[in-house]
1. Looking at this model, which pairs from K108/K241; K108/K248; K193/K243 are more than 19 angstrom apart at the alpha-carbon?
2. Quick one: work out Rg over Rh on the C-alpha atoms of the chain, Rh as Kirkwood radius.
3. Please say if region 158-279 is rounded, prolate or oblate, where rounded means a/c under 1.5 for a ≥ b ≥ c the square roots of the C-alpha gyration tensor eigenvalues, and otherwise the choice is prolate for a/b larger than b/c and oblate otherwise?
4. Mind listing P(r) for region 214-279? All alpha-carbon pairs, 10 Å bins, whole percents.
5. Toward the positive end of the charge dipole of the chain, about the Cα centre and with charges on Cβ (Lys, Arg +1; Asp, Glu -1), which of Q38, V233, Q25 goes farthest?
6. Once you charge only the Cβ atoms, +1 for Lys and Arg and -1 for Asp and Glu, what is the size of the charge dipole of the chain about its Cα centre, to the nearest 20 debye?
7. Set the Förster radius R0 to 30 Å, insert the Cβ-Cβ distance between R6 and K68 as r into 1/(1 + (r/R0)^6), and round the FRET efficiency to 0.05.
8. On average, how much accessible surface per residue is there in the chain, in Å², for a 1.4 Å probe, leaving out ligands, DNA and RNA?
Amino acid sequence: AKGKCRGSLQFFAEHMNQQLLIRKQLEGDLRRAIPEGQLELEFQPQVNLTSGKMVGVEALLRWNHPTKGRVPPDQFVHLAEETGLIIPIGDWVIRQACAQASDWPELKFAVNVSPIQFRQGNIIETVRSALDTEGIDPNRLEIEITEGILLQNTEETIAILSELKAMGVRIAMDDFGTGYSSLNYLRRIEFDKIKIDQSFIAGLGRSTEADCIIQAVIDLGASLGMTSNAEGVETLAQARKLKQQGCKEVQGYFFGRPMPSTSIQELLVDHDWMMLAAD
Ligand code: C2E
Ligand code: CA
Ligand code: CA
Ligand code: CA
């Protein structure tokens, strides 16, 4: 058996070295992404189910890598968090989203913020100065957080969230239902909005269980004074069902994929989803 494995440790070590190199390379690339203007925001419409109108957008980060092309956030946000690069990147996202939103006074806008930025960054100052610079009403900004935010420094995190809320900024709970302690988290933080994870929406109309869970989340949110948003809505049937269930707001491919700001501008001019309002 020993003979069979000869050389495998060396192979393993080489493999690890290779992985480390790739990672170091990507980290170096990511470090240059902001100064070289490779980061970009796309925006996904958020539609009110009562009016059938776009009421807001969620900003989603894109990296246009010089050789790899467009790298999706799932492939670099984690690395950015591990290396601390998420702090300058996250600051850039907030400032860029505010700069863009200043052109869309009729829309609310949502920004995803990493737990690392809450713990190590200076989020309050970043948000305050970005809103000031662009002259934006803090009520239009919504910060989306996931339960990872409560894993460490809970009291400090809650204090920062309270300060943001005192400024008028809204807080949304992202990916509700996917973590271990969504309910506990709901108890600790006064959210303005609860975003039902797209994995539940995918089961809508297919299983009684999925329908009942979504109904329960919408009702729970309503009883706590929170708006509900359903993510990953891909069909008109799903949107109609969600409307019947009392969901306030939706986003998903049916209404629009994340898109460049110019496309949002076009939707603002003459678009709505009146087939929903009619129901
Ligand atoms: P998320 O915040 O849950 O964002 C929703 C993701 O679902 C987005 O993927 C969006 O493109 C996708 N999506 C929207 N509608 C549909 C649909 O109808 N069907 C399906 N299958 N997918 C849909 P994206 O843009 O690749 O972002 C992935 C994740 O990366 C985000 O999940 C968020 O956690 C993170 N992320 C994105 N931008 C930022 C950012 O600026 N900062 C931080 N910290 N994280 C970000
Ligand atoms: Ca502007
Ligand atoms: Ca989000
Ligand atoms: Ca989400």
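The values are calculated or read from the model by the stated rules, or taken from the named source; none is laboratory data. From a predicted model like this one, the values you see are computed outputs, not experimental measurements. Cβ atoms come from the backbone with ideal geometry, glycine included; neighbour counts cover every protein chain shown. Just the protein is used for accessible areas: all its heavy atoms, side chains included, with ligands, DNA and RNA removed. Shrake-Rupley method; radii C 1.70, N 1.55, O 1.52, S 1.80 Å.
1. Numbers: K108/K241 24 Å; K108/K248 14 Å; K193/K243 16 Å.
Among K108/K241; K108/K248; K193/K243, the Cα-Cα distance tops 19 Å for K108/K241.
2. Working: Rg = 20.9 Å, Rh = 20.4 Å.
Here the Rg-to-Rh quotient is 1.02.
3. Numbers: a/c = 1.98, a/b = 1.19, b/c = 1.66.
Oblate, since a/c reaches 1.5 and b/c is not below a/b.
4. 19, 45, 29, 7
5. Q25
6. Computed about the Cα centre, the dipole is about 980 debye.
7. Details: r = 36 Å, r/R0 = 1.21.
Computed FRET efficiency for R6 and K68 comes out at 0.25.
8. Working: 14290 Å² over 279 residues.
I get 51 Å² per residue for this part.
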